[in-house]
Amino acid sequence: MVFPDLDVVLAPKPGLLVAFPSNHKFVHAVPNLLSGKRYSLPIWFTVNPTKAMQL
């Protein structure tokens with residue numbers, strides 16, 4: 001996983017979980033896999049009650 005604006009490259013490792021905020025500061029790219037599987041779990045949350053969904 002590459003975060004070009006932050007000059008950060010994370011090497012893949014089995015069992016590695018990467019979590020980061022969903023905003024403009026964390027633009028990222030994921031290079032193609034050479035083998036194995038990659039899973040993605042996009043989730044969004046807020047601690048701001050004015051932005052929360054009303055259930």
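Could you give each residue of the stretch 38-55 its phi-based ³J(HN,Hα) in whole Hz, using Karplus coefficients 6.51, -1.76, 1.60 with θ = phi - 60°, and x for Gly or Pro?
3J(HN,Hα) across the stretch 38-55, in whole Hz: 10, 10, 10, 10, x, 9, 10, 8, 9, 9, 8, x, 6, 9, 6, 6, 8, 9.
Kindly provide the trypsin sites (Lys or Arg not before Pro) of the chain that DSSP labels as loop, not H, G, I, E or B, and whose Cβ sees at most 10 other Cβ atoms within 10 Å.
Values: sites: K25, K37, R38, K51; in loops: K37, R38, K51.
Within the chain, the qualifying trypsin sites (Lys or Arg not before Pro) (loop, at most 10 other Cβ atoms within 10 Å) are K37, R38, K51.
Over 5 Å intervals from 0, what percent of Cα-Cα pairs in the chain sits in each interval?
Spelled out bin by bin, the chain gives 4, 13, 23, 21, 15, 10, 8, 5, 1 percent.
Readers should treat all values here as calculations from the given coordinates under stated rules, not as data from a laboratory. These figures come from a predicted structure and were not determined experimentally. For neighbour counting, all protein chains shown are included, and Cβ atoms are generated from backbone atoms with ideal geometry for every residue, glycine included.
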